[in-house]
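Novice: After the structure tokens below, expect a handful of questions from me.
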Amino acid sequence: MIGRLNHVAIAVPDLAAAAAKYRDLLGADVHHPHDLPEHGVTVVFVQLENTKIELLHPLGENSPIAKFLEANPAGGMHHICFEVPDIAGAARTLVEGGARVLGDGKPRIGAHGLPVLFLHPKDFDGTLIELEEVKPDLLPA
Ligand code: CO
């Protein structure tokens, strides 16, 4: 069911410092910060050859990652995102198999403008998993 690893998201306490480390120390292709108010985060995309890293920092009140950073003040891996071709079908299969989809169980539009959903970390060995619907015809050649 799952396809490519779309991204690994890391919550960071200092976005500028984290971006500088990826750019200057690791020599990665680091994009400019991007405010996503509807998701309560500011994100810096780090484009790697085979996937992306997303550096996340809370934006505004009730950011979904504020609590995570409170519990992990030095930052830490927040979630990993796999691509699926059919997110509604994936959700059905997962729920039938006993996994819990977070929220109301319905996909919503994620940070890349594509449908996403999140799976309960307790069902996946302590890892928050995001699924993002990427149609095969949208994949770069
Ligand atoms: Co994500």
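Novice: Can you run phi through the Karplus equation (6.51, -1.76, 1.60; θ = phi - 60°) for segment 44-57 and list ³J(HN,Hα) in whole Hz, with x for Gly and Pro?
Specialist: For segment 44-57, the Karplus-derived couplings read 10, 7, 10, 8, 9, 5, 10, 6, 10, 10, 10, 8, 10, 9 Hz, x marking Gly and Pro.
Novice: Any chance you could check the Cα centroid distance between segment 28-76 and segment 103-127 for me, in angstrom?
Specialist: A separation of 16 Å, based on Cα centres.
Novice: To continue, here is another question. Name the residues whose placed amide hydrogens come within less than 5 Å of the amide hydrogen of T42, ignoring near sequence neighbours (fewer than 5 apart) on the same chain.
Specialist: Correct list: L36, H57, L59.
Novice: At 1.4 Å probe size, with the rest of the protein present, what percent of the exposed accessible area of the chain is carbon and sulfur atoms?
Specialist: Working: 4640 of 8200 Å².
That share works out to 57 percent.
Novice: Moving on to the next point. Starting from the Cα-Cα distance between L114 and V8, subtract it from 0.36 nm times their residue separation and give me the gain in nm to one decimal.
Specialist: Details: separation 106, 0.36 × 106 = 38.16 nm, distance 1.64 nm.
My answer for the length gained is 36.5 nm.
Novice: Tell me the relative contact order for the chain as a rounded percent, counting alpha carbon contacts under 8 Å between residues six or more apart.
Specialist: Values: 278 pairs, mean separation 33.9, N = 141.
Contact order relative to length: 24 percent.
Novice: Another question, if that's okay. Between D123 and L25, what length in nm is gained on full extension when 0.36 nm per residue of separation is reduced by their alpha carbon distance?
Specialist: Numbers: separation 98, 0.36 × 98 = 35.28 nm, distance 3.52 nm.
Using 0.36 nm per residue and subtracting the Cα-Cα distance, I get 31.8 nm.
The values are calculated or read from the model by the stated rules, or taken from the named source; none is laboratory data. This is a predicted model, so every value here is computed, not measured. For accessibility, only protein heavy atoms count, side chains too; no ligands or nucleic acids. Shrake-Rupley method; radii C 1.70, N 1.55, O 1.52, S 1.80 Å.
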